[in-house]
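Q: Let me begin by handing over the structure; questions about it come next.
Each value in this text was obtained by applying a stated rule to the coordinates, not by laboratory testing. The shown structure was predicted, so the numbers you read here are calculated from the model rather than taken from an experiment. Please note: Cβ atoms are built from the backbone with ideal geometry, for glycine as well, and neighbour counts cover all protein chains shown.
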Amino acid sequence: MGRQELAKKRRLTRLDMDSRAGEGNAGQISAFYGFSHLAVSCMARRVGESRTFAFFAAVVRDERGPYDASMRTYGQAWSKVQAACLTDMYRTLRL
């Protein structure tokens, strides 16, 4: 799903997408990686790179969910981080 397709469809409401979201056609896979990049960039700007790496490690390596990992590494609820980064992503994409 590219920028134009996203503008026509419903807005993303969460960042913690199922990893299967990256399975699909080339456009969908590109969009998945693009959104991932924007989300991680937003988190790094908001809380710093080291805490973002710690969050990533907690979710991917330690298999903690983003809700638990956010409280442990960011000291704030995932819902707040997610809402702020979704807003930032749409602003970046000018959608």
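Q: Please work out the FRET efficiency for the pair GLU63 and HIS37, using the Cβ-Cβ distance as r and a Förster radius of 22 Å; give the result to the nearest 0.05. Can you show the working numbers first?
A: Values: r = 22 Å, r/R0 = 1.02.
The pair GLU63/HIS37 has a calculated efficiency of 0.45.
Q: How high is the FRET efficiency between ILE29 and TYR90 when r is their beta carbon distance and R₀ equals 22 Å, given to the nearest 0.05? Before the final figure, lay out each step's value.
A: On the way: r = 21 Å, r/R0 = 0.93.
After rounding to 0.05, the efficiency reads 0.60.
Q: In addition: With the cut-off at 13 Å, report for the range 41-92 the share of all Cα pairs above it, as a whole percent.
A: Details: 711 of 1326 pairs.
Summing the P(r) tail past 13 Å for the range 41-92 gives 54 percent.
Q: Could you put TYR74, TYR67 in order, starting from the residue whose Cβ has the fewest other Cβ atoms within 10 Å? Provide the component values of the computation, followed by the final result.
A: Details: TYR74 19, TYR67 14.
The order, fewest Cβ neighbours first, is TYR67, TYR74.
Q: Give me the extension gain from ALA44 to ALA77: residue separation times 0.36 nm, minus the current Cα-Cα distance, reported in nm with one decimal.
A: Numbers: separation 33, 0.36 × 33 = 11.88 nm, distance 1.59 nm.
Full extension of this stretch gives 10.3 nm more.
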